[in-house]
Structure formats: C-alpha cells, structure tokens
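Working notes for the structure below.
The values are calculated or read from the model by the stated rules, or taken from the named source; none is laboratory data. This is a predicted model, so every value here is computed, not measured. Keep in mind that these areas ignore ligands, DNA and RNA; they rest on the heavy atoms of the full protein, side chains included. Shrake-Rupley method; radii C 1.70, N 1.55, O 1.52, S 1.80 Å.
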Amino acid sequence: MKEYNIRRIGNFIYRDVILLRGTITTALSVVSVLLFIVILFSLRKDHVVVPGEFMSVFNKLYIISGVLFIFSVLKETNTKASNHLYLTLPVSSYERITAIWFTTGILYTIVFSFLCFLVGQFAISVGSIFSETNFHPLPIFSEDYWQLIKFYFFIQPIFLYGAIRFNKNRMGKTLLSLLLIVLGLIFFNMMLYGMLNYGYDVFSGEELASEAFGLASKDFSGIEKVLFVGVFMSTMLLATYFKIVEKEV
C-alpha cells in the first residue's frame with residue numbers, strides 16, 4: 001500500500017482515540033482535578049495567577065502525560081495478543097508513523113492545552129465568586145509555554161522510538177538510554193573543557209587554547225539550532241519508521 005492517503009491517516013487516528021478513550025478520559029480527569037486544586041491554592045496569596053505559577057504545574061503535567069500517552073498509543077505493538085492485528089491493519093508504514101506523530105504531538109498538545117485553559121479559567125471564576133480574586137484571563141500562552149512545546153516536540157521522537165524499540169520495561173529502558181546519552185554528553189563536555197584549558201598539549205599556546213574554548217562554548221545560532229533539531233527529530237522518526245517496518249515483516 002504505497003499511496004499516501006489522508007483519509008486512512010484520519011481513520012487510524014480515530015481508531016487509536018476510540019480504543020484509548022477510557023484511559024484518556026481518566027488521565028484528563030486526574031489532570032483537571034490537580035490543576036484546579038493548584039490554581040485555587042495559588043489564588044490564596046495575591047488573588048491572581050501569573051504565568052510562572054501556571055507553568056510550574058502545567059509543564060510537569062504536560063510532559064508526564066505526553067510520555068505516558070505515547071507509550072499507551074504504541075502499547076499494541078509490543079503485546080503478543082494484539083501486535084499481529086495492529087501491524088496488519090490496512091495502512092502503510094508512512095501513514096502509520098504520521099498518524100502516531102500527529103496523535104501524540106499536535107492533537108495531544110491542542111487538547112491538553114485547551115483543557116488546562118478551561119480548567120484554569122474555571123478555577124479563576126470560582127475564586128472570583130468565593131474570594132477577593134478579580135476575574136482575569138489565564139496567562140497560558142507565555143514565552144515559557146512555547147519553549148515547553150518546542151522541548152516536548154524535541155523529545156517526542158525519542159520516546160516514540162523507545163516505545164516501539166523495547167519489548168519489556170519500555171519506559172524505564174527509554175529513560176535509562178536517555179540518561180546515558182545525557183551523561184555521555186556531559187562527560188564529553190568536561191573532557192573537552194579539560195583538553196582546551198588544562199594543558200593536555202592539544203594546543204601549544206595558552207591564548208590559543210582559551211580562544212578555542214571560547215569559540216567552542218558559544219551558543220548555537222538560530223539557524224544551527226533549527227538544523228540540529230530538524231536533523232535529530234528526522235533521524236529519530238526515521239528510526240521509528242524502520243522499526244515499524246521491521247515489525248511488520
């Protein structure tokens with residue numbers, strides 16, 4: 001099935017949502033209650049919700065719920081009782097990975113953000129009735145919000161690959177792999193710093209070493225960041241795609 005069909009992608013997304021409707025409903029209900037309670041408590045002090053107060057709870061709920069949702073969507077691929085039926089559905093591998101990415105990324109972000117906005121606004125309304133809180137719009141679309149969205153879409157392909165790559169203890173193994181990568185980067189940075197600054201004979205002159213480290217430690221430019229994120233996400237999504245193809249075979 002080589003034709004790329006938008007309708008099949010929509011049907012596949014609809015199937016996943018319907019099968020997980022119980023889990024989704026329960027998770028969103030828990031998130032709603034937690035967010036409602038936290039916002040009510042934040043209104044007790046200054047009777048206003050500032051972006052920092054909202055984001056302090058939203059970022060944790062958003063990331064944790066998103067990761068759990070990813071593993072729930074891909075649970076069928078590693079369950080012996082259902083993976084054969086799942087992988088033989090009339091949808092191509094390209095359409096499958098597109099639907100999974102869209103469901104766990106864009107659709108999840110829109111629904112989760114909209115729900116949190118409604119719950120937060122309702123909490124502010126309740127606070128304005130029973131306390132001195134003045135009704136005000138919930139400050140959800142702050143700079144921190146958009147930074148969080150970008151961070152989630154950066155790590156999403158990692159968990160997509162981990163969810164389909166590992167058969168047992170998928171979340172633990174994915175987190176462990178991610179931790180080892182981070183530790184490896186930290187170790188590499190420390191080693192590079194030592195090589196450039198503490199006389200490991202990599203550079204003969206002290207000024208040259210300091211200048212080289214200064215250049216190496218500068219932040220990436222905007223274009224370089226976009227290229228790095230684009231290449232990284234594309235690589236992880238491509239690895240996930242080939243893993244799906246491998247399981248289909």
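The Cα center of the stretch 1-67 and the Cα center of the stretch 106-133 differ in position by 12 Å. Taking all protein chains as they are arranged and a probe of 1.4 Å, the heavy atoms of Leu238 leave approximately 90 Å² accessible to solvent. At q = 0.10, 0.18, 0.19 Å⁻¹, what log₁₀ I(q)/I(0) does the stretch 31-178 have when each alpha carbon counts as one equal point scatterer in the Debye sum? For the stretch 31-178 at q = 0.10, 0.18, 0.19 Å⁻¹, log10 I(q)/I(0) is -0.45, -1.00, -1.07. Determine the relative contact order of the stretch 60-179: mean sequence separation of Cα pairs under 8 Å and six or more apart, normalised by residue count, in whole percent. The value is 34 percent.
Taken per residue, the accessible surface of the stretch 5-145 reaches 53 Å², heavy atoms only and a 1.4 Å probe. If you roll a 1.4 Å probe over the stretch 1-60 with all protein chains in place, what percent of the accessible area is carbon or sulfur? Of the solvent-accessible surface of the stretch 1-60, carbon and sulfur hold 67 percent. For the stretch 17-108, would you read off the P(r) tail past 21 Å as a percentage of all alpha carbon pairs? Considering the stretch 17-108, 46 percent of its Cα-Cα pairs are separated by more than 21 Å. The listed residues Met233, Met55 rank as Met233, Met55 when sorted by accessible area, largest first, using a 1.4 Å probe. For Trp101, Trp146, the ranking by accessible surface with the largest value first comes to Trp146, Trp101, using a 1.4 Å probe.
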